[in-house]
Amino acid sequence: MKWYEAISKIDRRIIYSILTICIILPFFTRFKMRQNIMPQTKQLFDFIESIPSNDKAVYISFDYDPQTMPECHPMAIALLKHCFARNIPVIGGSFNVQAPGLAVDAIATVTDEINRNALSRDDSLIYGEDYVYLGWKSGFIAAMIDMGESISGVFPRDYFRSSVDSFPLLQKVDNYKNIAIVIILSASDYPEYWILYPQSRYGVKIGAGLTAVMAPKYYPFIQTGQLSGMMSGMKGAAEYENLILTHGYAKKLGKAETGMNSQSMVHILIIVFIILGNIGYFFARKNEKSQQ
Amino acid sequence: MKRRLPLAICFVMGVVMIIQYFIPHPLSLNFGSMINKWYIVLAAFALVLAIGNLIRHHSKKIQKRKQGWPYSVVTLTSMFAMSAIGLFWGVAPDSLYQLIYLHILTPLGATMFALLAYFMSSAAYRAFRARSLEATLLLAAAFIVMIGFMPFGQYISTHLPPFAEWIMRVPNMASQRGILFGVAFGSIATALKIILGIERSWLGGKE
């Protein structure tokens, strides 16, 4: 076998082995590269910064599942940290049936950390007053439209089966008028439906945290201003983690930063393999032509 | 009658809901809200149907000892066990339900999706060849976006991240907008065909 044939026919087991090393290695080494913040991530961060404390709430629609957790879960944690650090009430909900478990985990991770370090009531977070998780609801298009009339009408009980009327936060916020922005964390088309229905009817501001595969579809919505900001993929999550760290809302970086190192190494590896494959292809073609 | 009644309901409700959407009068809003609540309940029934179908399909498979029937046992056992745990012991952050969800279902789901990285890298290596001008352009764009979006990219050239962002904001956006327009027009045409009774495949059967 000639050298150019060899580099274009590398056994897939070799590729898989090198890939595994590239994914695992960054978790055991400590290196940090400066993140160049994308404008749409900064836009979302700035929007949250512009919301006055203890005024309007942020509604987070947790619509991701375990499959896309590595990209969307760090986004949820960074976003919750930012909102709570700025005393912005958070209401959570889900239209993806697999999402509630992850939403509960993200909220519990952040609230437990804040409450552990709290010195007074002002520093701590109370369920029902500072945050609420409403759980899952079927018929998502009808539900998101109807929430414009009454959130408690669509979600009469929260995820833990408590009546939402008993929560001071839901007494203050019963429709989109008291919601500063709805942020959808998803790996599918939920943000598009939020833009098509509740935004066009009630004018609610929409933000998104999407997987890297989904993000390119939403660039037109950023340009038109229908999306008030967007985190795209693990990079978006790492950027948001960096933003809240540099602004003093978090003490350390989250999991997306480490994930980005793995992802970068895998991307470099894929590029190297594609180049090798193409070199082999060109030399093989050249050889074929010369033989003809 | 069997076909005319659903067609009539579809036409009336379709037209009424379109008109209702553009009238912000309390009467219209209350009507819209009521219909939306009906829709939410109907969608929940679809879930019940799905569960029923799942039970029937896997029960038959187990009864007839078809290939892979032990997996059906695992599916049904998991479904009933998780339902019972959630219903009787709750779904609080420190509950057994949440523990199983986070430590069994989540790693399993993440693992399945993570396998894609292996298949994609192997497929990209084998199939991504600069065979034509279009393929070369695609390859170049993919390289620039991949390197530009990596933190590593800014160390190669400070112009790389803005250029990658430009690719996303201009050529990508133009094509995405074109697709969006196409989908929107297609959706409007299909919706009108269903409301007017031209498209009847949703009724099932022939004709």
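The values are calculated or read from the model by the stated rules, or taken from the named source; none is laboratory data. Predicted model, so just to flag it, every value in this text is computed and none were measured. Every residue, glycine as well, gets a Cβ built from its backbone with ideal geometry; the counts of neighbours run over all protein chains shown. Please note that ligands, DNA and RNA were not included when accessible areas were found on the heavy atoms of the full protein model with its side chains. Shrake-Rupley method; radii C 1.70, N 1.55, O 1.52, S 1.80 Å.
Values computed for the structure shown
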{"item": "Alpha carbon convex hull of the protein assembly as shown, volume per residue in cubic angstrom", "result": "218 Å³"}
{"item": "Reachable lysines from A:LYS9, criterion Cα separation under 22 angstrom, eight or more residues apart if same chain", "result": "A:LYS286, A:LYS289"}
{"item": "Cα shape, region B:130-207, gyration tensor, a/c 1.5 rule", "result": "prolate"}
{"item": "Rounded accessible area per residue of chain A, 1.4 Å, Å²", "result": "42 Å²"}
{"item": "Rounded if a/c under 1.5, otherwise prolate or oblate - region A:157-292, Cα gyration tensor axes", "result": "prolate"}
{"item": "Cα-based reach from A:LYS32 at 27 Å (exclusive), listing lysines while leaving out same-chain residues under 8 positions away", "result": "A:LYS42, A:LYS81, A:LYS235, A:LYS251, A:LYS252, A:LYS255"}
{"item": "Chains A and B, summed buried accessible surface - 1.4 Å probe, Å², nearest 100", "result": "5500 Å²"}
{"item": "Accessible area expressed per residue, region B:54-207, with surrounding protein chains retained (probe 1.4 Å, Å²)", "result": "66 Å²"}
{"item": "Largest-first principal axis extents, alpha carbons of region A:35-252, Å", "result": "43, 42, 32"}
{"item": "Share of alpha-carbon pairs per 10 Å distance bin for chain B, given as whole %", "result": "6, 13, 19, 19, 30, 11, 1, 0"}
{"item": "Protein accessible area in chain A, 1.4 Å probe - carbon and sulfur %", "result": "56 percent"}
{"item": "Helical segments meeting 27 Å axial Cα length and Kyte-Doolittle -0.5 threshold in chain B (DSSP H)", "result": "B:26-63, B:69-89, B:106-127, B:173-195"}
{"item": "Of the chymotrypsin sites (Phe, Trp or Tyr not before Pro) in region B:1-60, those whose Cβ has at most 13 other Cβ within 10 Å and which sit in DSSP loop", "result": "B:PHE22"}
{"item": "Positions from region B:20-52 whose accessible area shrinks by 10 Å² or more when the full protein complex is built, not the chain alone, probe 1.4 Å", "result": "B:GLN20, B:TYR21, B:LEU29, B:SER33, B:ASN36, B:LYS37, B:TYR39, B:ILE40, B:ALA43, B:ALA44, B:LEU47"}
{"item": "Within chain A: Cβ-based charge dipole about Cα centre, in debye rounded to nearest 20 (Lys, Arg +1; Asp, Glu -1)", "result": "1180 debye"}
{"item": "Percent accessible area from carbon and sulfur atoms, region B:130-207, protein chains only, probe 1.4 Å", "result": "74 percent"}
{"item": "Region B:145-207-region A:103-177 distance, computed between alpha-carbon centres (Å)", "result": "33 Å"}
{"item": "Viscosity 0.692 mPa s, temperature 37 °C, Stokes-Einstein D of region B:67-154 from Kirkwood C-alpha radius, µm²/s", "result": "189 µm²/s"}
{"item": "Sequence-separation-based contact order of region B:70-179, relative, with Cα cut under 8 Å and 6+ spacing, percent", "result": "11 percent"}
{"item": "Leading residue at positive end of dipole, the protein assembly as shown (Cβ point charges), from B:THR136, B:GLY32, A:TRP3", "result": "A:TRP3"}
{"item": "Whether region B:1-89 is rounded, prolate or oblate, judged on the alpha carbon gyration tensor where a/c under 1.5 counts as rounded", "result": "oblate"}
{"item": "Antiparallel content of DSSP bridges confined to region A:35-252, in %, to 5", "result": "5 percent"}
{"item": "Relative contact order, percent, chain A [alpha-carbon distance under 8 Å, six or more residues apart]", "result": "27 percent"}
{"item": "Dipole magnitude (debye, nearest 20) for the protein assembly as shown, charges at Cβ of Lys, Arg, Asp, Glu", "result": "2000 debye"}
{"item": "Cα-based convex hull, region A:164-231, per residue volume (Å³, whole number)", "result": "93 Å³"}
